[in-house]
Amino acid sequence: MYISTAAKVHQFENSFSSVPKPTMVLSFWALQVSLFAFGVVPNVRGELVHNVSSIFRGKELTNGCNLFQGKWVFDASYPLYESSSCPFIDPEFDCQKYGRPDNQYLKYSWKPDSCDLPRFDGEDFLATWRGKKIMFVGDSLSLNQWESLSCMIHAAVPNSKISFARQQSLSSVTFEDYGVTIYLYRSPYLVDITRESIGRVLKLDSIQQGNAWKGMDMLIFNTWHWWTHTGNDQAWDYIQDGSTVSKDMDRLVAFYKGLTTWGRWVDLNVDPTKTKVFFQGISPTHYKGRDWSSASKNCNGEQLPLSGSTYPAGTLPEVIVVNKVLSRVMKPVYLLDITTLSQLRKDAHPSAYSGDHSGVDCSHWCLPGLPDTWNQLLYAALTT
């Protein structure tokens with residue numbers, strides 16, 4: 001029996017809304033089976049193939065080249081800057097300063113299979129975006145990328161006059177000679193958390209904070225990592241879905257609903273003739289060596305990227321959710337599809353060299369390092 005695309009989408013949404021609360025996170029295979037039924041088919045390499053081509057608006061292809069399919073190659077001209085010369089890097093990302101003994105992880109560049117990735121030109125970036133406002137919105141991975149871009153630009157114009165402000169929710173770097181301001185707005189979930197009589201409530205259908213994002217010339221969004229936090233690391237006490245308030249729910253379902261609210265915000269509030277919108281794809285972690293077929297416990301001690309262009313653990317379920325939500329957004333959103341290329345960089349985390357932080361950090365990334373490539377891809381998307 002033929003089922004229309006609209007009916008498939010409706011069934012897909014109903015399949016999420018019917019999951020018992022609270023429950024365990026959906027297994028990857030269960031999610032793949034449900035998506036197969038609704039026209040989103042993972043192929044044998046773990047990639048996503050949409051059998052209705054018009055439904056996906058990730059816009060990964062630039063002039064026929066998939067910038068995100070490729071491999072890491074040794075490049076003696078890297079890194080693009082020195083951490084000691086950049087005034088913006090937080091201790092948690094400054095791996096060389098805090099004792100990381102190896103430096104080969106700094107010497108890799110990303111090589112797409114079917115084209116060349118243009119080298120970042122900070123002066124050209126400033127000239128193109130003269131007088132403009134750019135904003136990263138998200139969690140500490142947005143912080144990682146914001147600091148990276150600021151360092152890359154600063155390296156190109158080290159004598160340029162700069163204003164630098166750090167606050168809890170809104171930070172900025174302004175290159176005053178060019179009138180370019182790069183903001184960071186901290187919003188780990190993109191949707192709102194409000195303080196009410198019962199405690200902190202994560203509201204899956206509310207983005208009042210979005211008023212602060214208006215008027216930007218470029219927006220780069222990111223969210224995922226905080227959706228998995230529990231216990232003392234969890235930033236909310238209750239979660240609200242419509243009129244239903246509960247202590248917890250399936251986190252992948254919550255992520256889908258929250259990201260759908262963000263997609264509606266984009267459609268209602270973004271004028272594509274004035275604002276370019278990017279979504280930073282899922283940044284992976286490396287806490288389980290078996291994910292890359294290794295006996296290692298985690299990323300600590302890893303010094304080399306994986307060879308090739310595929311990751312043994314395959315596609316993450318949260319990546320499937322991102323693709324599904326982006327397929328529904330009507331306004332242009334460019335997906336910086338950095339997940340697989342970042343999965344290959346098990347060597348690029350701060351690990352045990354994360355400033356004064358205890359433990360091993362296999363979530364964030366050293367600077368200089370991988371986020372510089374994310375920004376090169378951003379630059380390529382803007383210039384090609």
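The values are calculated or read from the model by the stated rules, or taken from the named source; none is laboratory data. Keep in mind it's a predicted model, so treat the numbers as computed, not measured. For neighbour counting, all protein chains shown are included, and Cβ atoms are generated from backbone atoms with ideal geometry for every residue, glycine included. Calculation scope for accessible area: heavy atoms of the full protein, side chains included, ligands and nucleic acids excluded. Shrake-Rupley method; radii C 1.70, N 1.55, O 1.52, S 1.80 Å.
Condition check ((1) over 14 Å from W236 (Cβ atoms); (2) without any contact (Cβ under 8 Å) to a residue 12 or more places away in the chain; (3) open to solvent by less than 50 Å² (accessible area, probe 1.4 Å)) across all residues:
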| position | (1), (2), (3) |
| --- | --- |
| F164 | yes, no, no |
| L170 | yes, no, no |
| R186 | yes, no, no |
| V201 | no, no, yes |
| G210 | yes, no, yes |
| L219 | yes, no, yes |
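Could you list all residues from the range 67-105 that are in a loop (DSSP other than H, G, I, E, B) and in contact with a Gly (Cβ under 6 Å, 6 or more places away or on another chain)? Before the answer, list the steps.
Keep residues of the range 67-105 that are in a loop (DSSP other than H, G, I, E, B), which gives 67-69, 75-82, 86-90, 94-103.
Within the range 67-105, Y98 is the sole residue that qualifies.
Kindly establish whether T223 is β-branched (V, I, T), touching a Leu at 6+ places or on another chain (Cβ under 7 Å) and open to solvent by less than 60 Å² (accessible area, probe 1.4 Å).
yes
Look through the range 144-162, keep the residues that are assigned to a loop (DSSP other than H, G, I, E, B) and out of contact with any strand residue (DSSP E or B) (no Cβ under 6 Å at 6 or more places or on another chain), and return whichever of them is most open to solvent (accessible area, probe 1.4 Å).
N159
Somewhere in the range 287-304, is a residue open to solvent by less than 60 Å² (accessible area, probe 1.4 Å), in contact with a helix residue (DSSP H, G or I) (Cβ under 6 Å, 6 or more places away or on another chain) and in a loop (DSSP other than H, G, I, E, B)?
yes
Quick check on my filter: what residues within the range 188-199 are open to solvent by 10 Å² or more (accessible area, probe 1.4 Å) and hydroxyl-bearing (S, T, Y)?
Listed by number, the residues that qualify are T194, S197.
Limited to the range 98-125, what total is found for residues that are free of Cβ contacts under 8 Å to residues at least 60 places away in the same chain and either over 18 Å from D177 (Cα atoms) or in contact with an Asp or Glu (Cβ under 8 Å, 6 or more places away or on another chain) (or both)?
Residues in the range 98-125 being free of Cβ contacts under 8 Å to residues at least 60 places away in the same chain and either over 18 Å from D177 (Cα atoms) or in contact with an Asp or Glu (Cβ under 8 Å, 6 or more places away or on another chain) (or both): 8 in total.
When you scan the range 328-384, how many residues do you find that are assigned to a loop (DSSP other than H, G, I, E, B) and open to solvent by less than 10 Å² (accessible area, probe 1.4 Å)?
Selection size over the range 328-384: 15.
Taking T315, is it open to solvent by 20 Å² or more (accessible area, probe 1.4 Å) and either of a type outside the set (G, A, S) or part of a loop (DSSP other than H, G, I, E, B) (or both)?
Criteria met by T315.
Name, by its number, the condition in (1) on the phi < 0 side of the Ramachandran plot; (2) surrounded by fewer than 18 Cβ atoms within 10 Å (Cβ to Cβ) that does not hold for G308.
(1)
Just to be sure, is V173 under 22 Å from K214 (Cα atoms) and out of contact with any Cys (no Cβ under 9 Å at 6 or more places or on another chain)? Reasoning before the result, please.
Working: under 22 Å from K214 (Cα atoms): yes; out of contact with any Cys (no Cβ under 9 Å at 6 or more places or on another chain): yes.
The answer is yes for V173.
Tell me which residues, restricted to the range 123-142, are surrounded by 22 or more Cβ atoms within 10 Å (Cβ to Cβ) and assigned to a helix (DSSP H, G or I).
Answer for the range 123-142, where residues must be surrounded by 22 or more Cβ atoms within 10 Å (Cβ to Cβ) and assigned to a helix (DSSP H, G or I): F125, L141, S142.
So, in the range 106-122, exactly how many residues are part of a helix (DSSP H, G or I) and open to solvent by less than 10 Å² (accessible area, probe 1.4 Å)?
Residues in the range 106-122 being part of a helix (DSSP H, G or I) and open to solvent by less than 10 Å² (accessible area, probe 1.4 Å): 1 in total.
Take the residues in the range 172-184 that are of a type in the set (V, I, T) and surrounded by 21 or more Cβ atoms within 10 Å (Cβ to Cβ); name whichever of them is nearest to F255 (Cα to Cα).
I182
Which one is farthest from Y287 (Cα to Cα) among residues in the range 347-366 that are among the hydrophobic types (A, V, I, L, M, F, W, C) and in contact with a Pro (Cβ under 9 Å, 6 or more places away or on another chain)?
Applying the filter and picking the extreme gives C366.
Kindly provide the set of residues from the range 226-280 that are touching a Pro at 6+ places or on another chain (Cβ under 8 Å), open to solvent by less than 50 Å² (accessible area, probe 1.4 Å) and not in a strand (DSSP E or B), ordered by number.
Once the filter is applied, which keeps residues that are touching a Pro at 6+ places or on another chain (Cβ under 8 Å), open to solvent by less than 50 Å² (accessible area, probe 1.4 Å) and not in a strand (DSSP E or B), the range 226-280 yields A235, D248, M249, D250, L252.
Going by what's in this entry, would L184 be described as among the hydrophobic types (A, V, I, L, M, F, W, C) and either modelled with pLDDT under 95 or touching a Lys or Arg at 6+ places or on another chain (Cβ under 7 Å) (or both)?
Judged against the criteria, L184 is not a match.
Applying the selection to the range 125-143, what residues are more than 27 Å from H225 (Cβ to Cβ) and either of a type in the set (F, W, Y) or touching a strand residue (DSSP E or B) at 6+ places or on another chain (Cβ under 9 Å) (or both)?
Matches in the range 125-143: F125, L126, W129, R130, G131, K132.
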